[in-house]
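The values are calculated or read from the model by the stated rules, or taken from the named source; none is laboratory data. This is a predicted model, so every value here is computed, not measured. In this analysis, Cβ positions are derived from the backbone assuming ideal geometry, glycine residues included, and neighbour counts consider all displayed protein chains. Accessible surface is based on the protein model in full, side chains and every heavy atom, while ligands, DNA and RNA are left aside. Shrake-Rupley method; radii C 1.70, N 1.55, O 1.52, S 1.80 Å.
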Amino acid sequence: MGSSVMLNGQEPSAFTADASTRLSHYYQVDSERQAFIHSILEKIESDAKKINELELDLEDQRKSRVAYQTKAMTLESDVTRIRHQLNRDSFVVVLIDGDGAKFADEFLRDPIAGAERAAIRLKQAVRENLRDTGVGSEDIPILVRVYANLNDLSKSLRLSRIIDYDEDMRLFAERFCNSRADFDFVNVGKGKENADSKIRRMLGHYYRNIQCKKIFLAGCCHDNGYLHDLRDYTGSSDNKIVLLETTPAEPAFRSLGFPLLRFDDVFRSEPLGNETKHVFSIAPPRPRSPTLPSAGPGPIARPTQPVQKQTTILPPERQSSTPIPTPTPVSASTSSPIQPSSTPEQQHAHPPRAASVISSGNGGTSISYATAGGIDDHQNVTVKAPKPKKQPKVIFYNADNYRIDSPTQHPPRTPAQSTYQAKFQSIKPSVFCNDFYLKGRCKWGISCDKTHDAELTGPELAIHRYKARTSLCPAGPYCVDYDCYLSHHCPRMPCTRGDLCPFWDTEKWGDLHLTKDQLQASTKWTEGNDLPEHTSTT
């Protein structure tokens with residue numbers, strides 16, 4: 001055998017295979033290196049883009065920060081200026097119901113000089129109180145508004161011998177009004193609620209005014225007329241309202257939590273001699289003579305003013321034995337008894353038994369059966385009928401589960417149309433609060449931006465209710481509110497307004513002009529019941 005050629009001590013074939021393997025390995029390493037370098041380059045390019053975007057964002061944030069800082073500085077400057085303006089233009093108001101809070105006799109008896117002294121004394125008393133509360137500065141303006149029926153007030157003061165002539169009170173009011181530019185004495189004219197309504201309106205106005213730092217309310221505690229209105233302002237921590245007690249305050253006012261002060265050197269602390277007291281007494285009955293029979297029922301006094309006492313519960317046996325005619329409210333007067341159908345001799349021999357007149361707390365008046373009996377204890381007594389039980393509220397739905405409203409008619413053409421429009425125009429740009437007038441309550445209370453204190457009569461309220469019925473309920477035909485006063489389908493039958501009708505093509509429920517068949521009720525839901533009642537009643 002011949003000798004073979006050796007390369008690097010290896011067979012040529014082995015050398016070639018090894019070289020080939022190495023070359024493949026080098027190719028793989030080069031490929032991986034190229035891929036790695038390529039990925040690095042892509043990452044660098046991606047990061048460069050992100051860095052560029054972040055630089056742009058950073059520049060934008062810098063500009064925004066500068067803009068926001070500038071705006072913040074401007075707003076801070078505005079807040080400081082407004083706060084300074086509010087504090088500079090802040091004021092305190094004193095609202096006085098002149099029919100309930102009367103100035104001290106020493107001022108009224110000297111109407112010319114007394115009015116000036118009363119104004120000075122009132123202003124000093126208010127400033128002395130403000131000094132302890134830290135409200136405003138020493139020169140904060142004090143606005144005084146007195147509302148009174150001058151005719152009746154003058155007459156009451158003259159009858160009580162406080163003044164000699166009615167003109168004295170008018171002169172006092174004029175001098176008081178002219179004593180200070182911020183003092184007003186307003187003659188509201190004849191009408192029981194005239195002064196009250198103005199006080200309520202001004203109270204709400206000044207309470208919402210942030211420049212008004214304190215409200216002193218005088219003449220409201222002598223009866224419960226303002227009690228419900230003041231409850232709307234309870235719960236506030238600013239103590240903005242201060243009650244001024246003149247004559248003794250009703251106990252309920254003390255439970256409201258408002259500061260209760262007395263300016264005895266400004267206002268009269270006792271009621272006038274001719275004013276009605278809360279409690280009056282009736283002479284005790286004289287013993288009956290058993291010898292003379294009664295020819296008719298005994299007299300009952302007619303009270304002209306309710307007496308505030310606790311309601312007397314009548315014994316069952318008296319209730320069943322006393323016939324009750326057609327219910328009518330009982331009024332009382334200690335000086336106008338109903339004459340019995342007996343002879344004058346019998347009347348002289350048997351004086352009437354006194355009636356125990358009792359206020360029921362809800363405006364009604366009752367007479368105790370223990371004292372209302374006649375000579376022989378057989379007396380027909382007319383009493384106020386109990387209030388009927390309130391019917392539960394219901395909602396009707398048709399077969400499509402659409403709510404069906406009760407029919408409505410346009411209110412008749414009466415003077416109420418003109419008076420309603422006049423009141424509506426007088427409160428502009430505000431409007432009547434639907435919840436307050438139609439539901440009887442408003443969840444926003446004194447924070448409501450709509451009008452609550454305008455008085456609407458029954459016919460005017462009917463007009464307002466009809467106006468509300470021309471609007472579509474936000475819940476549409478699926479409304480479940482028993483107190484909802486809006487409409488859930490077109491109330492007009494037939495409707496002639498075409499596409500101008502708000503019920504024509506609604507965005508959520510389409511056309512809400514129901515046919516006669518669709519106005520047929522299928523189910524009735526009653527408030528308080530968990531399940532509906534199936535019915536075919538419309």
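Taking amide H positions as placed in the peptide plane 1.01 Å from N, state which residues far from Ile241 in sequence (5 or more) or on other chains have amide H under 5 Å from it.
Those qualifying (amide H under 5 Å, at least 5 residues apart or on another chain) are Ile215.
I want to check the label-to-label distance for Asp264 and Ala181. Put each point 7 Å from Cα in the C-beta direction and report it in nm to one decimal.
3.6
Which lysines have a Cα lying under 16 Å from the Cα of Lys71, excluding residues fewer than 8 positions away in the same chain?
Lys63
At 0.36 nm per residue, minus the direct Cα-Cα distance, what do Glu193 and Glu53 gain on full extension? Give it in nm, one decimal, please. Mind showing how you got there, number by number?
Working: separation 140, 0.36 × 140 = 50.40 nm, distance 7.20 nm.
Going from the current span to full extension adds 43.2 nm.
Largest first, how would Trp504, Trp444, Trp525, Trp509 line up by accessible area (1.4 Å probe)?
Final ranking, largest accessible area leading: Trp444, Trp504, Trp525, Trp509.
Suppose accessible area is computed on protein heavy atoms with a 1.4 Å probe; arrange Thr21, Thr496, Thr133 from highest to lowest. List each step's numbers first, then the result.
Working: Thr21 90, Thr496 125, Thr133 65 Å².
The ordering from most to least exposed comes out as Thr496, Thr21, Thr133.
Any chance you could run the full-extension gain for Asp232 through Thr408? It's 0.36 nm times the residue separation minus the Cα-Cα distance, nm to one decimal.
Extending this stretch completely gives an extra 60.0 nm.
Sorting Val79, Val186 by accessible area (1.4 Å probe), largest first, what list results? If you can, show how the numbers build up before the last one.
Details: Val79 70, Val186 50 Å².
From most accessible down to least: Val79, Val186.
Considering only C-alpha atoms, what is the centroid distance from the stretch 397-431 to the stretch 489-538, in Å?
18
What number comes out for accessible area per residue over the stretch 382-538 if the probe is 1.4 Å? Units Å², please.
65
Treat every Asp and Glu Cβ in the stretch 449-519 as -1 and every Lys and Arg Cβ as +1, leave all other atoms uncharged, and give the resulting dipole magnitude about the Cα centre to the nearest 20 debye. Please report the intermediate quantities before stating the final value.
Values: 8 positive and 11 negative charges, 53 e Å.
The calculation lands at about 260 debye.
For the pair Tyr68 and Ser426, what calculated FRET efficiency results from E = 1/(1 + (r/R0)^6), where r is the Cβ-Cβ distance and R0 = 60 Å, to the nearest 0.05? Don't skip to the answer; put the middle values down first.
Numbers: r = 45 Å, r/R0 = 0.75.
After rounding, the FRET efficiency stands at 0.85.
Using a 1.4 Å probe on the protein heavy atoms only, what accessible surface does Ser418 show? Give it in Å² to the nearest 10.
Approximately 80 Å² for this residue.
Express in whole angstrom the spacing between the alpha-carbon centres of the stretch 455-473 and the stretch 253-268.
Centre-to-centre (Cα) distance: 40 Å.
Take Lys443 and Ser13, extend 7 Å from each Cα along the Cα→Cβ direction, and tell me the distance between the two endpoints in nm.
Label-label distance for Lys443 and Ser13, simple model: 9.8 nm.
Using θ = phi - 60° and the Karplus form 6.51 cos²θ - 1.76 cosθ + 1.60, what ³J(HN,Hα) does each residue of the stretch 103-111 get, whole Hz, x for Gly and Pro?
For the stretch 103-111, the Karplus-derived couplings read 5, 4, 4, 4, 7, 5, 6, 10, x Hz, x marking Gly and Pro.
Which residue, chosen from Asn194, Cys177, Gly204, occupies the Cα position most advanced towards the positive end of the dipole of the stretch 166-209, where the dipole is computed from +1 (Lys, Arg) and -1 (Asp, Glu) charges on Cβ about the Cα centre?
Gly204
Could you tell me which of the pairs Lys213/Lys467; Lys240/Lys393; Lys390/Lys467 are separated by over 32 angstrom between their Cα atoms in the structure shown?
From the list (Lys213/Lys467; Lys240/Lys393; Lys390/Lys467), the Cα-Cα distance tops 32 Å for Lys213/Lys467; Lys240/Lys393.
Averaged per residue, what accessible area in Å² does the stretch 35-97 show with a 1.4 Å probe, protein chains only?
On the way: 5120 Å² over 63 residues.
In whole numbers, the stretch 35-97 has 81 Å² accessible per residue.
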